[in-house]
Number of protein chains: 2
Amino acid sequence: MKQDAPLGVFDSGLGGLTVVRALREILPDENIVYLGDTARVPYGTKGPATVIKYALSCARHLVARDVKALVIACNTVSAVAPERLRIELDVPVLGVVEPGAQAAVEATRSGRVGVLATAGTIASGAYPRAVAQLSTRTEVVGQAAPLLVPLAEEGWVEGDVPRQIVRRYIEPLAMAEVDVVVLGCTHYPLLRAVIDQQVRAMIGEHVTVVDSARATGSQVREFLHSRNLARPRGAGGGLVGLLVTDMPHRFREVASRFLGGDVGEVEQVDL
Amino acid sequence: MKQDAPLGVFDSGLGGLTVVRALREILPDENIVYLGDTARVPYGTKGPATVIKYALSCARHLVARDVKALVIACNTVSAVAPERLRIELDVPVLGVVEPGAQAAVEATRSGRVGVLATAGTIASGAYPRAVAQLSTRTEVVGQAAPLLVPLAEEGWVEGDVPRQIVRRYIEPLAMAEVDVVVLGCTHYPLLRAVIDQQVRAMIGEHVTVVDSARATGSQVREFLHSRNLARPRGAGGGLVGLLVTDMPHRFREVASRFLGGDVGEVEQVDL
């Protein structure tokens with residue numbers, strides 16, 4: 001039965017776990033298979049052709065495990081690869097850029113939206129494109145924030161250094177007087193406390209910070225219900241299977257801390 | 001003629017250019033083919049099996065281009081892969097760990113040597129092993145410095161943030177009262193000014209900072225002369241061919257700035 005099949009979720013590393021956390025809260029009956037491409041992390045500094053190649057190998061691995069839909073839990077991949085994945089694979093593909101753009105357009109009053117993301121996502125122009133399809137009166141100010149992924153991957157998420165790095169990236173958004181800041185990379189919610197604090201201090205209390213992980217969770221729910229693909233409520237489920245391409249032990253520790261409770265064995269796969 | 005063949009040099013990204021720069025100063029007649037695995041950078045956060053797999057694919061590519069010797073311009077690879085490369089490939093293999101360890105043993109008076117390196121290099125224990133083979137009275141204090149590679153790759157090499165990040169990594173070495181600090185990653189010379197400044201300020205003026213790139217250059221010269229593999233003096237040469245696995249345009253800019261003058265086309269290869 002297609003409804004009983006798991007959702008396949010993939011990311012370049014551990015950042016996509018923020019999407020898994022949101023999916024578990026919003027869709028507690030779904031089972032999830034998560035693949036983190038920890039051998040090739042980060043994607044955000046890489047060119048489109050390389051990102052597409054890596055994304056295809058991750059996606060094919062999950063399709064071979066009979067997932068009912070693919071959730072791209074990585075903004076860099078969502079920015080450059082979804083069309084190609086839809087052409088090559090016989091399964092619905094959902095990304096994180098469009099839900100984040102939609103939440104931003106709904107939240108802005110001033111019509112100026114800031115996006116923090118990797119160099120790859122900013123260079124792709126994916127957010128301005130997604131926003132332009134939803135609103136002709138919303139301007140996007142993109143800011144590449146390349147050090148946030150390594151900070152999050154290392155767990156260095158509080159103190160003076162993360163604060164100063166975040167300040168450097170928020171400054172141009174403050175100058176542009178945005179009233180929404182989109183966390184355009186699924187790693188960034190790991191730095192949420194510092195980002196919130198600096199956004200409030202440097203731009204103002206009125207600013208909305210959009211977590212594209214949560215926005216994506218809501219869109220996945222809508223999608224499953226509209227296609228009659230959701231598992232029935234109370235049918236059990238809520239299992240998460242974790243796959244990585246490198247360092248399963250370290251990933252298990254981080255994932256346990258991050259998702260709460262023991263996450264079981266992490267399987268290493270070779271792509 | 002074997003003497004006329006180029007040296008093959010490879011690294012996970014652009015950090016190995018510090019070794020190329022040293023080789024050009026020390027061996028101006030040699031031609032060099034450099035391969036930067038920019039699609040899979042960084043290696044320092046990855047496990048040994050993955051690093052060995054990637055290193056083998058880089059090394060095989062250079063061997064197919066008829067290099068006379070392979071220089072591993074990456075501490076992470078030098079820490080875990082040289083034996084495997086020597087077994088699999090029919091070409092001399094030189095790493096960066098042993099020359100750095102030797103320079104450190106020669107420089108220390110107190111017998112306490114600090115090593116800044118990636119998490120992978122520190123976890124491998126390669127520096128303590130290399131130092132133990134040269135001196136039984138020298139203690140190695142290792143410090144993983146995971147944010148220095150992304151800082152160097154991004155070119156964020158001066159100002160308060162690099163200074164504070166460097167301070168955090170130097171502090172345990174200052175507590176241990178080392179009198180030598182080895183730059184145990186070929187990216188770190190890009191941050192040399194900040195590192196020198198903080199080492200002087202936090203430990204003292206007497207401390208020697210060992211650049212393993214330069215130490216490696218000297219060892220490669222000795223090796224070539226001892227095997228009669230060096231090109232004759234004044235025979236021309238000094239050419240550098242650059243190969244990368246991703247983002248050739250960006251690499252060309254950085255390499256030009258770094259090596260001085262135009263470096264010509266950067267070729268993209270698929271490993």
Scanning region A:133-161 residue by residue, those free of Cβ contacts under 8 Å to residues at least 12 places away in the same chain and at the interface with another protein chain (Cβ under 10 Å from one of its Cβ atoms) turn out to be A:154, A:156, A:159, A:160, A:161
Residue B:127 fails exactly one of the following numbered conditions: (1) hydroxyl-bearing (Ser, Thr, Tyr); (2) within 14 Å of chain A (Cβ to nearest Cβ); (3) buried (at least 24 other Cβ atoms within 10 Å of the Cβ). What is the number of that condition?
(2)
So is residue B:80 crowded, with 21+ Cβ neighbours inside 10 Å and modelled with pLDDT under 95 or not?
yes
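Can residue B:171 be described as surrounded by fewer than 18 Cβ atoms within 10 Å (Cβ to Cβ), within 25 Å of residue B:83 (Cα to Cα) and among the acidic types (Asp, Glu)?
When the stated conditions are applied, residue B:171 does not pass them.
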Matching residues, region B:213-247, being within 30 Å of residue A:48 (Cβ to Cβ) and not charged (D, E, K, R):
B:240, B:241, B:242, B:243, B:244, B:245, B:247
Meets criteria (of a type in the set (Ser, Thr, Tyr), touching a strand residue (DSSP E or B) at 6+ places or on another chain (Cβ under 9 Å), closer than 24 Å to residue B:123 by Cα and part of a helix (DSSP H, G or I)) for residue B:186:
no
Residue set A:80, A:113; condition outside the structural domain of residue A:183 (by TED's automatic domain parsing), touching a Ser or Thr at 6+ places or on another chain (Cβ under 8 Å) and in contact (Cβ under 8 Å) with a residue 40 or more places away in the chain; output residue A:80
Flag if residue B:245 is surrounded by 22 or more Cβ atoms within 10 Å (Cβ to Cβ), over 30 Å from residue B:164 (Cα atoms) and hydroxyl-bearing (Ser, Thr, Tyr)
yes
Would you confirm whether any residue within region A:53-63 is within 30 Å of residue A:114 (Cβ to Cβ), within 14 Å of another protein chain (Cβ to nearest Cβ) and charged (D, E, K, R)?
no
Qualifying position, being within 14 Å of chain A (Cβ to nearest Cβ), under 30 Å from residue A:44 (Cα atoms), under 13 Å from the mean Cα position of the chain (by Cα) and at pLDDT 95 or above, among B:95, B:44, B:36:
B:36
Sole residue being touching a residue at least 40 places away in the same chain (Cβ under 8 Å), farther than 20 Å from residue B:42 by Cα and not hydroxyl-bearing (Ser, Thr, Tyr), chosen from B:260, B:184, B:217, B:264
B:217
Is it true that some residue in region A:98-108 is surrounded by 24 or more Cβ atoms within 10 Å (Cβ to Cβ), away from chain B (no Cβ under 14 Å) and closer than 27 Å to residue B:52 by Cβ?
no
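Hey, among A:196, A:179, which residue is in contact with a His (Cβ under 9 Å, 6 or more places away or on another chain), closer than 30 Å to residue A:139 by Cβ, at pLDDT 95 or above and surrounded by fewer than 23 Cβ atoms within 10 Å (Cβ to Cβ)?
A:179
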When you go through A:7, A:14, A:70, A:23 one by one, which is the residue that is at pLDDT below 95 and over 27 Å from residue B:269 (Cα atoms)?
A:14
Of the residues that sit in region A:182-193 and are crowded, with 19+ Cβ neighbours inside 10 Å and touching an Asp or Glu at 6+ places or on another chain (Cβ under 9 Å), which one is farthest from residue A:95 (Cα to Cα)?
A:191
Which of the following residues is closer than 20 Å to residue A:169 by Cα and either of a type outside the set (D, E, K, R) or touching a Lys or Arg at 6+ places or on another chain (Cβ under 6 Å) (or both): A:128, A:92?
A:128
Which is touching a helix residue (DSSP H, G or I) at 6+ places or on another chain (Cβ under 6 Å) and either surrounded by fewer than 24 Cβ atoms within 10 Å (Cβ to Cβ) or assigned by TED's automatic domain parsing to the domain that holds residue A:188 (or both), of A:26, A:87?
A:26
Pairs, please: C-beta under 8 Å, at least 6 apart or cross-chain, first residue assigned by TED's automatic domain parsing to the domain that holds residue A:241 and surrounded by fewer than 24 Cβ atoms within 10 Å (Cβ to Cβ) and in region A:1-12, second hydroxyl-bearing (Ser, Thr, Tyr) and assigned to a loop (DSSP other than H, G, I, E, B)?
none
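Please work out if residue A:60 is out of contact with any helix residue (DSSP H, G or I) (no Cβ under 9 Å at 6 or more places or on another chain) and modelled with pLDDT of 95 or more.
In short, no.
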Residues (touching a Leu at 6+ places or on another chain (Cβ under 8 Å), over 14 Å from residue A:21 (Cα atoms) and surrounded by fewer than 20 Cβ atoms within 10 Å (Cβ to Cβ)) located in region A:220-242
A:223, A:230
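The values are calculated or read from the model by the stated rules, or taken from the named source; none is laboratory data. The shown structure was predicted, so the numbers you read here are calculated from the model rather than taken from an experiment. Glycine gets a Cβ as well: all are built from the backbone with ideal geometry, and neighbour counts include every protein chain shown.
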